[in-house]
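The values are calculated or read from the model by the stated rules, or taken from the named source; none is laboratory data. Please read these numbers as outputs of a predicted model, since none were measured by experiment. Note: ideal-geometry Cβ built from the backbone for every residue, glycine included; neighbour counts use all protein chains shown.
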Amino acid sequence: MFWFLVAVAAVCAFTVFKLRGANLAYLDNFDHPDETPPQAAAAASPSAAHQGVVDYLGQLTRASQGKRGKERLQIVRRNMDRISEGRSFSSRFVPVDEGGVRGEWVLAPGCRPDQRLLYIHGGAWVAGSPLSHRSITDKLSALSGCAVLSLDYRLMPEHRRLDGIEDCRRAYQWLRANGPQGPAPATFMAVGGDSAGGNLTLSLIAWIRDEGLPQVDAALAFSPATDTTLTSPSLKDNLATDPMLGPLFGTLTRIPRPLLWWGSWLSNRIMPSDPVVSPLRGDLRGLPPVLVQASAAEMLLDDARRYVRRAQAAGSPVELQTWPHMVHVWQIFNPELPEADEALASAARFLMEAGAKGPDAAAGEVSTDSDEGSDPGDPSDHNRRAEDDEGAAP
């Protein structure tokens, strides 16, 4: 009995102190007077178009109800890509498959080929693509004057989570030396992402620092997931007010967290408290300027707040902006939501304050090395092909 009790105590200690890591509840004991941009603070209610977006998300949720495994995943992936349907874009989309980097250039008129932004899409590490996020990348290129490389990183479950992280690191190094017109150094570099892509963005900038590589000039994180231990209070507090994440992940909030920690470790072979997958829990000193945007109504709100507070306490120039009422990653619903336009305009201003020069009004379209087939449709075919393989079902 003695050794049984010792074993139980050891498992409990490992679960709490290794899988979960430090208790970060102290980061929740703050007021939030400076988070909300003035234009958002003045809005007592969301714009009229917001309910239409909520209804649309409800349709997507119902489309996958009752489905499981591979069938459900395929539906979610298709529905995410369809967010781009029926939209008009000012940018050209040019496929990229070079040096182990896959994705597409997003080139708005007047963008500067030596100003580059690596964009990492969201989708819970299992869905999303450059196609699904064109409404964001198109607008960022148009407003900031950056040539955007929208990365098509490897997704789970066909690949390991670490494979997607490796893709981001490789893309960053490639992008510093390569622009849409071929090999050329960058004069301005930024990285951005949303949700899971925000997680990958924040993990990437910490890795760049640790490796002693030239750091980005600025980073953007829209509704980022910063803590894989899932301990942020808003995951439960905002469950009922998040029409996107609530229906998809609400059941996870009813599972005991220690079981989630063990499941994450066993499935990913990396501890949920590891800063590589939980950037909130890493060393947040010496980071570049970072702008974090989050909705006050979404489940990941406290992931954003906690990250910003720890980074600011460590002396890093990290800023948080929150909007009331909005859905998770509302920036993708532009131009329907004026709040999305406001958020992206604020992000572009942040990039220009960090050194981006904005679009060149006198310049025409940026040419590339591979102008043939400038609209690749769905640039994430390698994830789709893997998804169709036998034995690739989740």
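Brief remarks on what is shown
- Test: residue in region 184-196 that is out of contact with any helix residue (DSSP H, G or I) (no Cβ under 8 Å at 6 or more places or on another chain), crowded, with 24+ Cβ neighbours inside 10 Å, in contact (Cβ under 8 Å) with a residue 40 or more places away in the chain and on the phi < 0 side of the Ramachandran plot: yes
- Residue in region 323-339 that is surrounded by 21 or more Cβ atoms within 10 Å (Cβ to Cβ) and more than 21 Å from Pro46 (Cβ to Cβ) present: no
- Checklist (1) farther than 28 Å from Arg349 by Cβ; (2) touching an Asp or Glu at 6+ places or on another chain (Cβ under 8 Å); (3) crowded, with 21+ Cβ neighbours inside 10 Å applied to Gln74, failing item: (3)
- Any pair with Cβ under 6 angstrom, 6 or more apart, that starts in region 199-212 at a residue that is closer than 16 Å to Arg285 by Cβ and ends at one that is modelled with pLDDT under 95 and surrounded by fewer than 18 Cβ atoms within 10 Å (Cβ to Cβ): none
- Residue within region 147-157 that is surrounded by 23 or more Cβ atoms within 10 Å (Cβ to Cβ), of a type in the set (Val, Ile, Thr) and touching a Phe, Trp or Tyr at 6+ places or on another chain (Cβ under 9 Å) present: yes
- Residues located in region 201-213, provided they are out of contact with any Asp or Glu (no Cβ under 9 Å at 6 or more places or on another chain) and either assigned to a strand (DSSP E or B) or of a type in the set (A, V, I, L, M, F, W, C) (or both): Leu202, Leu204, Ile205, Trp207, Ile208, Leu213
- Pairing each residue of region 297-316 that is assigned to a helix (DSSP H, G or I) with any residue that is among the aliphatic types (A, V, I, L, M) and at pLDDT below 95, provided the two are 6+ apart or on different chains, yields C-beta distances under 7 Å for Arg306/Leu24; Arg306/Leu27; Arg309/Leu27; Arg310/Leu27.
- Matching entry among Arg161, Arg176 (being of a type outside the set (A, V, I, L, M, F, W, C) and under 14 Å from Ile120 (Cβ atoms)): Arg161
- Some residue of region 304-313 being more than 17 Å from Thr201 (Cα to Cα), in contact with a strand residue (DSSP E or B) (Cβ under 8 Å, 6 or more places away or on another chain) and surrounded by 24 or more Cβ atoms within 10 Å (Cβ to Cβ): no
- Residues in region 251-289 that are within 29 Å of Ile75 (Cα to Cα), buried (at least 20 other Cβ atoms within 10 Å of the Cβ) and small (Gly, Ala, Ser) were compared, and the one that is modelled with the highest pLDDT is Ser278.
- Of all residues in region 75-92, those being over 20 Å from the mean Cα position of the chain (by Cα) and either of a type outside the set (Lys, Arg) or modelled with pLDDT of 95 or more (or both) number 8.
- Index of the failed condition, Asp114 passing every other in (1) among the acidic types (Asp, Glu); (2) more than 20 Å from Glu336 (Cβ to Cβ); (3) surrounded by 21 or more Cβ atoms within 10 Å (Cβ to Cβ); (4) in contact with a Ser or Thr (Cβ under 6 Å, 6 or more places away or on another chain): (3)
- Residues of region 231-250 include none that is of a type in the set (Ser, Thr, Tyr), at pLDDT 95 or above and either under 14 Å from Ser195 (Cα atoms) or in a loop (DSSP other than H, G, I, E, B) (or both).
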